1. Taking the stretch 81-109, which residues are hydrophobic (A, V, I, L, M, F, W, C), closer than 19 Å to residue 162 by Cα and in contact with an Asp or Glu (Cβ under 8 Å, 6 or more places away or on another chain)?
2. Among (1) in a strand (DSSP E or B); (2) surrounded by fewer than 21 Cβ atoms within 10 Å (Cβ to Cβ), there is one condition residue 89 misses while meeting the rest; what is its number?
3. Taking residue 190, is it loosely packed, with under 14 Cβ neighbours inside 10 Å and part of a loop (DSSP other than H, G, I, E, B)?
4. What number of residues within the stretch 92-120 are in a loop (DSSP other than H, G, I, E, B), in contact with a helix residue (DSSP H, G or I) (Cβ under 6 Å, 6 or more places away or on another chain) and under 18 Å from residue 35 (Cα atoms)?
5. Please specify each residue of the stretch 28-58 satisfying the condition of being outside any strand (DSSP E or B), within 17 Å of residue 102 (Cβ to Cβ) and either of a type in the set (A, V, I, L, M) or in contact with a Phe, Trp or Tyr (Cβ under 7 Å, 6 or more places away or on another chain) (or both).
6. For the stretch 29-71, give me the residue count where each residue is touching a strand residue (DSSP E or B) at 6+ places or on another chain (Cβ under 6 Å), farther than 27 Å from residue 2 by Cα and among the aliphatic types (A, V, I, L, M).
Amino acid sequence: MPRVAVLLATYNGAAWLPEQLESLAAQQGVEWRLLWRDDASRDASRRVLQDFAARHPGRVEELGGPAGRLGATAGFLALLRAAPAADAYAFMDQDDVWLPAKLARGLARLEAGADAVCGRLSLADGALRPRGLSALPRMAPGFASLLAHNVAAGCTMMLSPRAREWALTAPPPPGSLHDWWAALLVTGMGGRLDFDPEPMIRYRLHGGNSVGGAPGLLERARRALGRGGAAWWAMLEAHLAALAPLPLAPGPREVVRLLAGLRGAGPLARLRLRARAGLRHHSRAGDALLTAWLLRG
């Protein structure tokens, strides 16, 4: 069977880990191997994983280092860097529950020509009661649209071996996330990122999520307004600066060149540059907000 390296970063997740790990054990049609790293938890997370390893000998390994607190982004990238050779690589969050076909479905898309896969979320509360679905993007995610807004939730992502190498090309800039940066590098190098509209994960919203999916347009708009245009501009410029020296494919390289002059242009010139580069948000409401931020500069 195809081999999938599953990468799990934990931090004080003992309350949810057992259900997530059992959903991993129930995966169908693939041979999974789990590589995990704990980020200095103060609860029983490590013991839960050690017990799971004892029940699945030879399939579960702890990453020995680096030690101490790294945070989610650095922790997941350390796991990706240390992962053994496999047919695919999947990020796993500690507090979700996977449907049995999650890995096999993602692998099928990779085998059909995608370099990376992400997908929709079935949202749930802390007790896994349904809270709706995450939004569908209005266009296929590409390099320019991903610069505007990330739709690649890490807990849904699977990478091919080639995409794994791309994702490790360079470290992300401060403030970025492992999933966002991986999506930008895969598409920036000319790879294809597929978005699966069929939810394969029950995504638990419990108040302690590092990054939480928002269940509706109003909530997503509220969060975007709360972050503000200054934060969006700062992240865009950080990503552009980190991407500029990399060996990008011709199309993405031109996008970076065009957007490098965005801040210094006048309001209408910004809109023209945005249109030429294809800088679009994945929702219409988000696109309207993006237009306002571009006009204000």
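1. Passing the criteria: 91, 107.
2. For residue 89, the failing item is (2).
3. Spelling it out, it is not the case that residue 190 is loosely packed, with under 14 Cβ neighbours inside 10 Å and part of a loop (DSSP other than H, G, I, E, B).
4. So the answer is 3.
5. 30
6. Number of matching residues: 0.
Every residue, every condition in (1) surrounded by fewer than 20 Cβ atoms within 10 Å (Cβ to Cβ); (2) farther than 15 Å from residue 11 by Cα, yes or no:
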residue: 42; (1), (2): yes, no
residue: 54; (1), (2): yes, yes
residue: 59; (1), (2): yes, yes
residue: 82; (1), (2): yes, yes
residue: 99; (1), (2): yes, yes
residue: 110; (1), (2): no, yes
residue: 113; (1), (2): yes, yes
residue: 122; (1), (2): no, yes
residue: 125; (1), (2): yes, yes
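A short reminder: the numbers here are calculations on the coordinates, not readings from a lab. Computed from a predicted structure; not experimentally measured. FYI the Cβ positions are ideal-geometry reconstructions off the backbone, even for glycines, and counts take in every protein chain you see.
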